[in-house]
Amino acid sequence: MYLSLLFSVIDSFALLYTHLSNIFNEGIIGEDEIFSHLDALYFSTTTFFTIGFGDIRPSEYSEITKRLVIIQAIISHIITTVLWPVAIIFVFGKSTKKIFSKNKDI
């Protein structure tokens, strides 16, 4: 479930970056001016995981893309700092309760 959420967020932003770059002539820039969905997916993934290699970046004049990058960074921070730990606690919390309830007699 977490992986599907992760991929859907990354891919949704990649689609937005692709359309901004190819349709509206805004968006992400790099060495090549024509961007494929794979380039946008790469940019979205490096943005999500805060790697930011710098080979593809938002264009200087595109306020829309810069705002999308900020929104994606906030969403990725929430997913990695809130949802991921909650998922771990939910999954492993049940097994630790069983362990501690068995060792009550000790």
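Below are the figures for this structure:
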quantity: Residue list for the range 43-77, filter: among the hydrophobic types (A, V, I, L, M, F, W, C) and at pLDDT below 85; calculated: 53, 56
quantity: Neighbours by Cβ (under 6 Å, 6+ apart or cross-chain): first from the range 1-21, within 13 Å of residue 68 (Cα to Cα); second in a helix (DSSP H, G or I) and modelled with pLDDT under 85; calculated: 18/37
quantity: Matching residues in the range 55-72 - criterion: being open to solvent by less than 40 Å² (accessible area, probe 1.4 Å) and within 13 Å of residue 9 (Cα to Cα); calculated: 68, 69, 72
quantity: Pairs with Cβ under 7 Å, 6+ apart, first in the range 56-77 and without any contact (Cβ under 8 Å) to a residue 60 or more places away in the chain, second open to solvent by less than 30 Å² (accessible area, probe 1.4 Å) and assigned to a loop (DSSP other than H, G, I, E, B); calculated: 56/30; 59/27; 62/27; 65/27; 65/59
quantity: The range 10-66, subset outside any helix (DSSP H, G or I) and of a type in the set (A, V, I, L, M), residue nearest to the chain's Cα centre (by Cα); calculated: 51
quantity: Filter pass, residue 81 being among the hydroxyl-bearing types (Ser, Thr, Tyr), surrounded by fewer than 12 Cβ atoms within 10 Å (Cβ to Cβ) and in contact (Cβ under 8 Å) with a residue 12 or more places away in the chain; calculated: no
quantity: Residue that is least open to solvent (accessible area, probe 1.4 Å), among those in the range 19-54 that are more than 23 Å from residue 6 (Cα to Cα) and of a type outside the set (A, V, I, L, M); calculated: 30
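The values are calculated or read from the model by the stated rules, or taken from the named source; none is laboratory data. Note that the structure is predicted; figures quoted are calculated from it, not measured. FYI the Cβ positions are ideal-geometry reconstructions off the backbone, even for glycines, and counts take in every protein chain you see. These area figures cover heavy atoms from the full protein model, side chains too; ligands, DNA and RNA do not enter into them. Shrake-Rupley method; radii C 1.70, N 1.55, O 1.52, S 1.80 Å.
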